[in-house]
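Here the structure is laid out as structure tokens; the discussion comes afterwards.
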Amino acid sequence: MAGCRRRFAGILRPLAGLMLGVLAAMPDAMGQSAASAPQRVVSLNVCSDQLLLQLAPRDAIASLSFLVADPAVSAMADAAAGVSLNHGLAEEILPLQPDLVFAGAYGARPAVALLENNGVRVERMGLALSLDDVMSHIEQVAAALRRPAAGQALARQVQERIAAAGRGAAPRQDRPRAITYHANGLTAGSGTLTHDIIEAAGFVNLAAELGVDGLRPLSIEALVDAAPDLIILGAAREGPPSLATALLRHPALVGLLQRARTLVIAESALACGPPGVTAALDQLGAVRRQMTARGSGS
């Protein structure tokens, strides 16, 4: 009997060791699975489209929204060439079998609900209403892609461009005043990404000084009376004449544009995403330095 017990124990010992090894390895295996990067990523939002083009491996991008190919709203239309595009419909997305989908806070809601009901992971992104939001979106997308190093590198680039745009800016009371003016007389006041971009580049956002909060219309009379140093216009879009754009041809505004410094910045640069934001910062910083140098030399 004792001999049987010894033989049985001799058999169990290696089996127990093997089981302990398997159990010890399980957390590592599970951790590696949880930390594995998504392989088929889809975006339904033009802001996340552009971040994916900067942060995700190209072969991991299964589809981007059709808006990313439109230079009027996307600063990376050229970079998106060759990528499959979608129109935010669940029937387009589900056959791609994505393991991660990015969506805006408000867009494509029916598709998002259907995707989540089918077990697809959806990462929602809020609106970019400040430069802090832009930085947060970089971190959010990089974390979801399991590419923190890429996110940190992009964040550093954006921070460097922000610092460069504002370098040498005068004290606030001595800064030139800038304002955006678009179709329908819309201007961007406080609480907007445009406001942050203007202020970071060393200007005072005149719209905010006039009490504008968010994106609001401003009368031509108020604009002329405020006498801005710089008027930022959106790039003209092709299309038939409209009442929205007729305001921009008003004689009073035309006269003001002849007296004030003007700068055309693509609306895509003031919307969201590092490529457009950094381009707008570069443009505004360069113009502010020119204006300051001209003023000090006169």
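The values are calculated or read from the model by the stated rules, or taken from the named source; none is laboratory data. Here the structure is a predicted model, which means the values were calculated and not measured. Neighbour counts run over all protein chains shown; Cβ positions are idealised from the backbone, glycine included. What goes into the accessible areas is simple: the full protein's heavy atoms, side chains included, and nothing from ligands, DNA or RNA. Shrake-Rupley method; radii C 1.70, N 1.55, O 1.52, S 1.80 Å.
If you filter the stretch 68-102 down to residues that are open to solvent by less than 40 Å² (accessible area, probe 1.4 Å) and farther than 21 Å from residue 145 by Cβ, you find that the one that is modelled with the lowest pLDDT is 72.
Here the condition is being within 24 Å of residue 232 (Cβ to Cβ) and either touching a helix residue (DSSP H, G or I) at 6+ places or on another chain (Cβ under 8 Å) or surrounded by fewer than 20 Cβ atoms within 10 Å (Cβ to Cβ) (or both); of 131, 114, it holds for 131 alone. Test residue 173 against the criterion of being out of contact with any Ser or Thr (no Cβ under 7 Å at 6 or more places or on another chain), at pLDDT 95 or above and either under 27 Å from residue 57 (Cα atoms) or not charged (D, E, K, R) (or both), and give yes or no. No, not satisfied.
Of all residues in the stretch 262-298, those being modelled with pLDDT under 90 and not in a loop (DSSP other than H, G, I, E, B) number 10. If the condition is being among the polar types (S, T, N, Q) and over 28 Å from residue 280 (Cα atoms), then the stretch 85-103 contributes only 97. From the list 168, 107, the one residue that fits, being outside any helix (DSSP H, G or I) and open to solvent by 50 Å² or more (accessible area, probe 1.4 Å), is 168. For the stretch 172-222, the set of residues classified as touching a helix residue (DSSP H, G or I) at 6+ places or on another chain (Cβ under 7 Å), within 25 Å of residue 273 (Cα to Cα), assigned to a helix (DSSP H, G or I) and open to solvent by 10 Å² or more (accessible area, probe 1.4 Å) consists of 183, 184, 194, 195, 196, 200, 208, listed by residue number.
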